[in-house]
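Just so it is clear, none of the values below were taken in a lab; they were calculated from the coordinates. Since the structure is predicted, the reported quantities are computational estimates derived from the model, not experimental observations. In this analysis, Cβ positions are derived from the backbone assuming ideal geometry, glycine residues included, and neighbour counts consider all displayed protein chains.
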């Protein structure tokens with residue numbers, strides 16, 4: 001085998017490996033219709049929680065934040081939810097601070113601060129996550145340009161993703177979201193796999 005042929009083979013292997021790696025990362029992104037991977041963390045009550053199991057078969061809105069500043073849009077979406085949908089017993093919300101990097105070293109202080117700043121009645125609806133944050137960044141298409149966004153996921157009763165969005169609170173998106181949550185909750189649980197109009201909304 002001459003040098004040209006050898007280098008061609010090496011280059012081919014490199015290109016194929018890069019394509020495979022790219023495809024693998026691309027497949028990590030959540031899509032509407034996917035089953036929600038397990039999201040493990042700890043409630044502010046101190047108990048461990050794993051979504052979607054912790055939702056107990058309810059339609060669920062998950063509001064994630066990856067930075068300190070993201071708490072503002074997350075709280076804005078949470079306040080909207082509680083005032084417009086929160087009275088329903090068949091829909092629930094989880095706020096999920098995603099804490100990675102060196103911030104994990106301050107876990108005890110972070111959790112204590114969040115417990116002190118969150119009304120006690122919401123402690124079982126806040127899950128702090130300190131592991132696999134990089135995986136979840138890929139899954140929700142996190143980007144540094146939108147690092148302070150709230151990342152929202154709607155999951156139906158069976159744990160299937162029905163809506164993905166990121167951004168600050170937006171009244172138009174909120175109207176769409178309320179309609180979707182209501183529609184999913186009003187459906188007969190026995191027909192959970194019937195067709196539902198699915199959508200992914202970009203900011």
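A few points about this structure:
- Remark: spin-label model distance residue 122-residue 47 equals 1.9 nm, labels positioned 7 Å along the Cα→Cβ axis.
- Each of 114, 98 was scored by other Cβ atoms within 10 Å of its Cβ. Listed from fewest to most, they are 114, 98.
- Sorting the segments 56-68, 35-47 by their residues' average number of neighbouring beta-carbon atoms within 10 angstrom, most packed first, yields 56-68, 35-47.
- Between the alpha-carbon centres of the range 106-145 and the range 38-78 there is a gap of 7 Å.
- Backbone N under 18 Å from the residue 107 label point (7 Å along Cα→Cβ), restricted to the range 34-62: 39-51
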